[in-house]
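Asker: Got a structure for you, written out below as structure tokens; questions coming shortly.
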Amino acid sequence: MKHSRLVFLTQTAAIAALYAVLTWLGSFFVPQIGPVEFRFSEALCILPVFTPAAIPGLWIGCLLGNLLCGGVIWDLVFGSLASLLGAIGTCVFRKKKFLPYLCPVLSNSLIIPPILLFAYGFGEGQPVWFFYLVFIAGEAASVFLFGSLLKEALQRTKLFS
């Protein structure tokens with residue numbers, strides 16, 4: 001019993017740290033310009049398919065990543081909530097083909113654009129539908145493209161078997 005708790009906590013901490021560091025490092029290489037948000041760390045959103053420890057790991061990692069990148073309080077609270085909801089959905093639908101990828105895209109696409117619009121002032125002067133469309137495209141590319149590559153690599157290595 002102690003062994004499984006230790007494994008869970010270790011996986012949670014490792015995922016949180018990896019997400020936070022990838023988010024922070026990514027902010028130097030792929031600047032978040034307005035609604036265009038392309039985070040390499042979003043590939044980790046597929047990890048709840050392999051372990052439930054990824055749920056709190058992604059939530060804490062998103063909170064830390066947003067904190068490291070100077071996020072406003074609304075982003076810290078609701079951005080992290082979006083990651084938590086997406087991770088829960090990914091875990092629930094882990095045996096389905098596309099739904100695990102869709103959960104973080106949907107949760108982030110519903111919660112993050114209003115934060116970017118109202119808390120940061122991004123998207124002023126452009127149609128709201130275009131703002132949402134560009135955000136969803138960036139999020140979907142991050143999760144579907146890099147998440148599917150990560151999932152394939154992890155399945156081949158049997159790291160979580």
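Asker: Would you list the helices (runs of 4 or more DSSP H) that sit entirely within segment 62-161 and hold 3 or more residues that are under 30 Å from residue 4 (Cβ atoms) and out of contact with any helix residue (DSSP H, G or I) (no Cβ under 7 Å at 6 or more places or on another chain)?
Answerer: Of the helices (runs of 4 or more DSSP H) lying wholly inside segment 62-161, those with at least 3 residues that are under 30 Å from residue 4 (Cβ atoms) and out of contact with any helix residue (DSSP H, G or I) (no Cβ under 7 Å at 6 or more places or on another chain) span 147-157.
Asker: Report, by residue number, each residue of segment 50-93 that is surrounded by 16 or more Cβ atoms within 10 Å (Cβ to Cβ), small (Gly, Ala, Ser) and over 18 Å from residue 15 (Cβ atoms).
Answerer: Correct list: 71 only.
Asker: Turning to a different aspect of this structure: Determine which single condition residue 111 fails, assuming it passes every other condition in (1) in contact with a Leu (Cβ under 7 Å, 6 or more places away or on another chain); (2) modelled with pLDDT under 90; (3) among the hydrophobic types (A, V, I, L, M, F, W, C).
Answerer: Failed condition: (2).
Asker: Need the failing condition index for residue 24 against (1) assigned to a helix (DSSP H, G or I); (2) at pLDDT 95 or above, just the number.
Answerer: (2)
Asker: One residue is enough: does segment 116-136 have a residue meeting the conditions modelled with pLDDT under 90 and within 15 Å of the chain's Cα centre (by Cα)?
Answerer: yes
Asker: A further question follows. Taking segment 80-98 as the region of interest, how many residues are closer than 18 Å to residue 141 by Cβ and at pLDDT 95 or above?
Answerer: The number of residues fulfilling the criteria is 4.
Asker: Evaluate segment 125-134: report whether one residue or more is under 17 Å from residue 39 (Cα atoms), surrounded by 18 or more Cβ atoms within 10 Å (Cβ to Cβ) and not aromatic (Phe, Trp, Tyr).
Answerer: Yes: segment 125-134 contains one or more residues that are under 17 Å from residue 39 (Cα atoms), surrounded by 18 or more Cβ atoms within 10 Å (Cβ to Cβ) and not aromatic (Phe, Trp, Tyr).
The values are calculated or read from the model by the stated rules, or taken from the named source; none is laboratory data. Predicted, not measured: the structure shown is a model, and the values here were computed from it. So basically every Cβ, Gly included, is an ideal-geometry build from the backbone, and we count neighbours across all protein chains shown.
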